[in-house]
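Here is the structure we will look at.
The values are calculated or read from the model by the stated rules, or taken from the named source; none is laboratory data. Everything numeric here is computed off the predicted structure, so don't read it as measured data. Backbone-built Cβ (ideal geometry, glycine too); neighbour counts: all protein chains shown.
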Amino acid sequence: MNELIKEFTTMFSFENVRWDAVWEATYETVYMTAIATAFTFIFGIVLGIILFLASKSEIKASKPIYGITAFLVNLFRAIPFIILIILLIPFTKVMMGTIMGPNGAIPALIIGSAPFYARLVEIGLKEIDKGVIEAAESMGADTWTIIWKVLLPESMPALISGITVTAIMLVGSTAIAGVIGAGGLGNLAYMVGFTRNQSDVTLVATIVILVIVFIIQIAGDFFSKTVDKR
Amino acid sequence: MIDIRNVTKIFKTKSTDIRAVDDVSMNVTQGEIFGVIGYSGAGKSTLIRLFNGLEMPSSGDVVIGADVISSMSKPALRKKRQKVSMIFQHFNLLWSRTVAENISFPLEIAGVPKKERQKKVKELVDLVGLAGREDNYPSQLSGGQKQRVGIARALSNEPNVLLCDEATSALDPETTDEVLDLLVKIRDEMNLTIVLITHEMHVIRKICDRAAVMENGRIVETGPVLKLFQNPEHSVTKRFVKDDINDEETALSFDEVRELFPTSKILKFGFVGSQSKAPIVSQIVKKYDLDLNILSGNIKRTNNESYGHLFVAIDVNDETLQKLEAELSDHDVTVEVEDQ
């Protein structure tokens, strides 16, 4: 009983917290999340559009394209993130020149989340009224015009709420990546909070992560609502 | 203007082939409003999509102006579609765009510069009576207003042909009439050729010059609208005409009359145009000294002529009835004995 009280006292004492380290870790987490979200957004939309167009197209060549894309998407979605980081070490080394620090985590973060987001994009695109696409075709629109002027704007609320979910998932992934040396709040919580048994540091890292997640959710909801004119 | 030659469209499914359009031939002349009517599943939606190449025929040719739609290259077809535009039952507006932006969309596709787009949009907004609503989103409009946007959008590239896919089926009767009036107005002002499909006979009656009746992928009857109404030949046409004129209440009251006057015959006089105004019936009544009980009557307007029906109960023997029929048919009035 006494031990428990002692633990709690440490946790809320904040005596071990070095605020400059918290700041740096927060910056690294935000940095990793922002870069990974931006690339995930682009790659996910490209993949999602390929999945959507290939699944509805009548052209023969589209079947293998859909098959291959869907296979890759499912494959990378199925690999647990911590294993994916390890698997990608050689690739990361070549791409980023390092496997440590925030930059070392970014390739794995993108490759882990883009397939997930691609599926969300595909679902969003499938919800577009078929009649609107048909109307654009009846006006003589080509595929590019349909992508830019119909598919993307008409699915924008779904694309935004999808990237919100994905970004929050990415915050979690950066924490996992932190444990094996990527920096950020996960790294802080593990290296300082856990290994040195400074639970007040862990608590601070958790609170900061929660704040980041809430901000992402609120911003995502706001933008999704703003673009939705339905 | 439009020539459909022996067009068949087969949809292959795993188990069977569906002949959605079956050996259809028809033509539409410049400036005409041509209607295709049929119950759902008759193949009319597929038929109208053959006109702008949204569906390609399995066999046969679709010719619009000088172009064979069914054998054009994709880029040429896309170009052609700017001149063969379409409006839809559910309007199919982009919710993410305002009224003005929706109308501007086909102009963007056609690569029209921004200045000209704005000018054209303004013209069209005025034409369809939506001035002041340019910056509204579709979700802020009523059904009728949405269809007006659809029409304005379809007109933005100054097409020669307008295809209407059940354009009024999602609208209430009053709004339907407004939209139909608008279609006639733009036909007259822009010298459009309009092809519309519908399952509502009054749409055909109100604005079409000619019409075709479709059943099971085939055109079973075609002709000028007045002729279809006056003298329908195929059973499907008869049903549509009957639906437009009779309602169930009339049929019910006939039953009552039969009960009250078992010896009476119920006759239906049909007349067209100028005869509808002459006092033929009263002349006949005097001449043959008949007791005549008027049950119901109506005069309907098609887009260029009126025609009407009169249901009467007369106690008359077969001999007089034949004389009566002969005399009336001299006046171009048709007589039918309603089934017991």
* Structure fact -> For residue A:98, the lone unmet condition from (1) among the hydroxyl-bearing types (Ser, Thr, Tyr); (2) part of a helix (DSSP H, G or I); (3) surrounded by fewer than 19 Cβ atoms within 10 Å (Cβ to Cβ); (4) out of contact with any Ser or Thr (no Cβ under 7 Å at 6 or more places or on another chain) is (2)
* To do: With the checklist (1) part of a helix (DSSP H, G or I); (2) among the hydrophobic types (A, V, I, L, M, F, W, C); (3) free of Cβ contacts under 8 Å to residues at least 12 places away in the same chain in hand, flag the one item residue A:141 doesn't pass.
  => (1)
* Asked: Quick check, is residue B:97 closer than 14 Å to residue B:153 by Cβ and touching a Leu at 6+ places or on another chain (Cβ under 9 Å)?
  -> no
* Structure fact -> residue B:149 fails exactly one of (1) surrounded by fewer than 24 Cβ atoms within 10 Å (Cβ to Cβ); (2) within 15 Å of residue A:132 (Cα to Cα), namely (1)
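Could you check, for the range A:101-110, whether at least one of its residues is without any contact (Cβ under 8 Å) to a residue 24 or more places away in the chain, small (Gly, Ala, Ser) and closer than 30 Å to residue A:191 by Cα?
No.
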* Residue among A:116, A:52 that is part of a helix (DSSP H, G or I), over 19 Å from residue A:183 (Cα atoms) and in contact with a Leu (Cβ under 7 Å, 6 or more places away or on another chain) -> A:52
* Structure fact -> Wholly inside the range B:215-321, strands (runs of 3 or more DSSP E) that include 2 or more residues that are at pLDDT 80 or above and over 26 Å from residue B:25 (Cα atoms) are B:265-272, B:292-301, B:306-314
* Determine which single condition residue B:69 fails, assuming it passes every other condition in (1) touching a residue at least 24 places away in the same chain (Cβ under 8 Å); (2) in contact with a Gly (Cβ under 7 Å, 6 or more places away or on another chain); (3) aliphatic (A, V, I, L, M). => (1)
* Asked: Only one residue in A:210, A:152 is in a helix (DSSP H, G or I) and in contact (Cβ under 8 Å) with a residue 40 or more places away in the chain, so which one is that?
  -> A:152
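The rows are residues; the columns are (1) touching a helix residue (DSSP H, G or I) at 6+ places or on another chain (Cβ under 6 Å); (2) under 25 Å from residue A:29 (Cβ atoms); (3) charged (D, E, K, R); (4) more than 14 Å from chain B (Cβ to nearest Cβ).
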site: A:86; (1), (2), (3), (4): no, yes, no, yes
site: A:93; (1), (2), (3), (4): no, yes, yes, yes
site: A:120; (1), (2), (3), (4): yes, yes, no, yes
site: A:130; (1), (2), (3), (4): no, no, yes, no
site: A:137; (1), (2), (3), (4): no, no, yes, no
* To do: May I ask you to list the residues in the range B:42-90 that are within 12 Å of another protein chain (Cβ to nearest Cβ) and part of a helix (DSSP H, G or I)?
  => B:45, B:48, B:49, B:51, B:74, B:75, B:76, B:77, B:78, B:79, B:80, B:81
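Within the group B:60, B:41, B:53, which residue is surrounded by 18 or more Cβ atoms within 10 Å (Cβ to Cβ) and under 21 Å from residue B:217 (Cα atoms)? Spell out the reasoning first.
On the way: B:60 fails: surrounded by 18 or more Cβ atoms within 10 Å (Cβ to Cβ); B:41 fails: surrounded by 18 or more Cβ atoms within 10 Å (Cβ to Cβ).
Residue meeting the stated conditions: B:53.
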* To do: For residue A:196, work out the one condition from (1) at negative phi; (2) part of a helix (DSSP H, G or I); (3) at pLDDT below 90 it doesn't fulfil.
  => (2)
* To do: Could you list, in sequence order, all residues of the range B:108-141 that are within 12 Å of another protein chain (Cβ to nearest Cβ), crowded, with 18+ Cβ neighbours inside 10 Å and in a helix (DSSP H, G or I)?
  => B:109, B:138
* To do: From the list B:181, B:177, B:188, B:209, pick out the single residue that is more than 14 Å from chain A (Cβ to nearest Cβ), buried (at least 19 other Cβ atoms within 10 Å of the Cβ), of a type in the set (D, E, K, R) and closer than 21 Å to residue B:306 by Cα.
  => B:209
* Return only the number of the condition from (1) away from chain B (no Cβ under 14 Å); (2) crowded, with 22+ Cβ neighbours inside 10 Å that residue A:168 does not satisfy. => (2)
